[in-house]
Amino acid sequence: MTTPYLHRRLPALEDTVPFRRLGHAPTPVRELTGTGRGDLWCKDESRYGSGGWGGNKVRKLEWMLPELRRRGTRTVLTVGATGTNWGLALALYGRELGIDTAIALIDQPEDEHVREQLRRLRRSGATLHFTRSKPLTIAAAPWLFLRHARGLRLPSYLPAGGSAPIGVLGYVEAGLELAAQVAAGELPEPRRIVTAAGSGGTAAGLALGCALAGLRSEVLAVVANDTLPLATADLTRLADRTAAVLRRRGATVDLPPLRLTSTRAHLGRGYGHPTPGAAAAARVAEAAGLHLDPVYAAKAFAAALSTDPDGPVLFLNTYGPRG
Ligand SMILES: Cc1ncc(COP(=O)(O)O)c(C=O)c1O
């Protein structure tokens, strides 16, 4: 399947919103057993991507990289924490298209997971700037843009986590894909879909995709990052901005109200800080065959285990192997 659901659903976008497939769709869905919670399902994004390199950033890049190419961009500047999955995915997949990546890195609590990620970042070919904190990154921004200019051309800036509207389309697509899996009887229509929120694009896109597809599932965004605005209103605004881009590019988009809420109940002391609930959830997940990271997916899985809607729960596994 190469034509994305978004283009099939809104054909006006075929010529105005370019797409480049980077993984094998659809991603698998299965019921998780032995977790102590009944009617729990998983849509597993962990292997979405090439070379065994997966996770939720790849779908965003399927829309962002062709858009960058269209604009003739050769260098991108982005920001992330030292364990950034986004920055790493951008560097690896961008490199394949001849796009260079520079990343301003903000400190996060350091553990083996983060150190390993930094080693991968150093190998990725990206230029790393250790700007350490948000205020220092903002102060360094003019220098960073000039440092990575090519002639008179400044680098394109991409926000943390790839959660610009064009990147959010990756999870609109995943929502449409999920609806097709529900229609094919691969899983029941979820009452609630639980996913981690770090920059919000995954949750916002899913909610928009579900609404476009006519699913009644509600998306629960489990906030794992306290350095960005991720309240329900912020996520809804991001979904609205994404729908506005689709309209500007020629599609007619009529939507029911989005079913989307966010919770900070599993954040603990903040971004990157482990919680006992997430550690316990990661062990349960491991026994069910899912390997989760402590920063995002384990916190979301803790929420999936404890949320109690009247119906099936779908956990979106956003963490992938890092080759
Ligand atoms: C493994 C993982 N899960 C979830 C997320 C959250 O996704 P989003 O940034 O779209 O909210 C991220 C990145 O932030 C991530 O790296």
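Read the figures in this text as sums done on the coordinates, not as results from a lab. Remember, predicted model here, so these are calculated numbers, not experimental data. Using ideal geometry, Cβ is built from the backbone for each residue, glycine included, and neighbour counts are taken over all protein chains shown.
When the chain is described by a simple charge dipole with +1 on each Lys and Arg Cβ and -1 on each Asp and Glu Cβ, the residue from T275, L246, G94 located farthest towards its positive end is G94.
With R₀ fixed at 45 Å, the C-beta to C-beta distance from D310 to R147 puts the FRET efficiency at about 0.25. When trypsin sites (Lys or Arg not before Pro) are flagged only if DSSP places them in a loop and at most 10 other Cβ atoms lie within 10 Å, the longest unflagged stretch of the chain comes out as 72-268.
If you count the DSSP beta bridges with both ends in the stretch 74-154, what percent of them are antiparallel, to the nearest 5? Working shown, then result.
On the way: 1 of 13 bridges.
Within the stretch 74-154, antiparallel bridges account for around 10 percent of the total.
Rounded to the nearest whole Hz, the Karplus-based 3J(HN,Hα) values (6.51 cos²θ - 1.76 cosθ + 1.60, θ = phi - 60°) of the stretch 136-141 follow the sequence 5, 5, 4, 5, 7, 3, with x at glycine and proline.
Over the residues of the chain, the helix contribution to mean residue ellipticity at 222 nm works out to -12500 deg cm²/dmol, using -39500 (n - 2.57) for each DSSP H run of at least 4. Over the chain, Cα pairs under 8 Å with separation of 6+ residues give a relative contact order of 22 percent.
DSSP finds beta bridges in the chain, and of those with both partners inside it, around 15 percent are antiparallel. Overall shape of the chain was characterised from the C-alpha gyration tensor. The equivalent ellipsoid obtained from it has semi-axes of 29, 24, 17 Å, in decreasing order.
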